[in-house]
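Novice: Okay, handing you the structure first.
Computed from the coordinates by the stated procedures, all read-outs in this text should not be read as laboratory data. As the structure is a prediction and not an experimental result, all values here were calculated from the model. Cβ sites come from the backbone with ideal geometry, for glycine too, and all protein chains shown count toward neighbours.
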Amino acid sequence: MSKRKTERLLGLVVCLLSTRRYLTADQIRQAVPGYPEQDELFKRMFERDKEDLRDLGVPLETGLNHPFDDDLGYRIRQQAYELPELRLEADEAAVLGLAARVWQRAELAGAAAGALLKLRAAGMEAGDELPAPQDIEPRLGTPEPAFGPLWEAVRDRRPVTFSHRAAGRSEPQRRELEPWGVVNRHGRWYVAGWDRGRDAIRVFRLSRIAGTVKFCGPAGSVTVPDGADVRELARVGLRRHAVSVRADETGPPGWDLVTTRFADVGSFADYAAWFGPDAVVLDPPDLREAVIARLKGALA
């Protein structure tokens with residue numbers, strides 16, 4: 001489903017939830033953004049939208065406000081739309097609370113709030129018990145410009161291309177990725193998937209993506225492998241190729257001591273520096289110095 005259609009359907013739901021009266025198709029066209037002015041085009045689009053809402057389980061009702069009305073109207077009764085009472089365990093409530101703190105902004109909020117404001121401005125009755133427009137706004141706080149298009153690419157299973165600046169490199173490199181998911185770890189956003197250029201799984205930090213993320217293939221052309229765990233990919237990092245992993249009893253709490261193999265100091269230094277403050281190279285000295293040099297270069 002396209003972003004434009006999603007916005008229109010969300011606006012339609014908010015509009016029909018916001019009135020106790022049945023709204024005619026013409027009133028809906030005036031209140032909900034995204035519908036065309038041409039009558040025939042609007043009629044076809046509105047019919048498809050009604051079918052989509054019913055397929056999604058939205059209880060769309062039709063009826064007349066008065067026996068002598070000529071045009072059928074539409075509404076969604078809030079009592080029929082509401083979820084039943086939810087009983088959550090403590091850990092489930094904690095997860096929802098964490099999600100609520102993460103969400104801060106979303107592009108769809110404007111469509112919902114706009115439909116509600118237009119409805120009230122037109123003099124149509126809106127329930128006082130409904131939340132204010134700012135209260136129905138879902139929010140996802142991410143300062144990364146790459147988040148929006150990458151999230152859409154994961155949702156629609158589309159490959160993307162972007163420029164990524166690895167730690168220690170002054171110039172970004174072009175990457176073509178089949179994205180499997182976007183995840184937040186320790187306050188940083190990552191995208192994981194199949195790097196077509198490297199022919200391997202890769203994880204990229206969004207803050208190191210330079211410029212615009214562009215789609216480079218049709219929707220549905222990316223296949224996510226069964227069992228792919230994006231959060232684990234972002235967490236594992238150096239552990240993926242480790243010879244041994246054990247808790248670091250002398251370091252900060254939660255850190256592991258990882259022993260791994262590598263063939264080339266320069267290549268592995270690029271890889272280790274990518275983790276920034278999440279990894280510290282202890283030994284051998286030449287690798288440690290190479291990583292420090294790359295981090296200093298990135299800082300400069």
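Novice: First measure r as the distance between the Cβ atoms of Lys214 and Lys5, then evaluate 1/(1 + (r/R0)^6) with R0 = 30 Å and state the FRET efficiency to the nearest 0.05. Let's see the in-between values first.
Specialist: Details: r = 22 Å, r/R0 = 0.72.
Taking R0 as 30 Å, the efficiency between Lys214 and Lys5 is 0.90.
Novice: Further question: For the range 153-300, calculate the relative contact order in percent as a whole number, restricting contacts to Cα pairs under 8 Å that are 6 or more residues apart.
Specialist: Values: 255 pairs, mean separation 34.3, N = 148.
Over the range 153-300, the number comes to 23 percent.
Novice: Counting alpha carbon pairs within less than 8 Å and at least 6 residues apart, what relative contact order, in whole percent, applies to the range 253-300? Each step should come with its number before you reach the end.
Specialist: Values: 27 pairs, mean separation 16.9, N = 48.
Answer for the range 253-300 is 35 percent.
Novice: Tell me which lysines have Cα within less than 17 Å of Lys296's Cα, excluding those fewer than 8 residues away on the same chain?
Specialist: The qualifying lysines are none; the list is empty.
Novice: Among Lys5/Lys43; Lys50/Lys214; Lys3/Lys214, which pairs are too far apart, with a Cα-Cα distance over 27 Å? Walk me through the numbers before you get to the answer.
Specialist: Details: Lys5/Lys43 15 Å; Lys50/Lys214 32 Å; Lys3/Lys214 16 Å.
Table pairs above 27 Å Cα-Cα are Lys50/Lys214.
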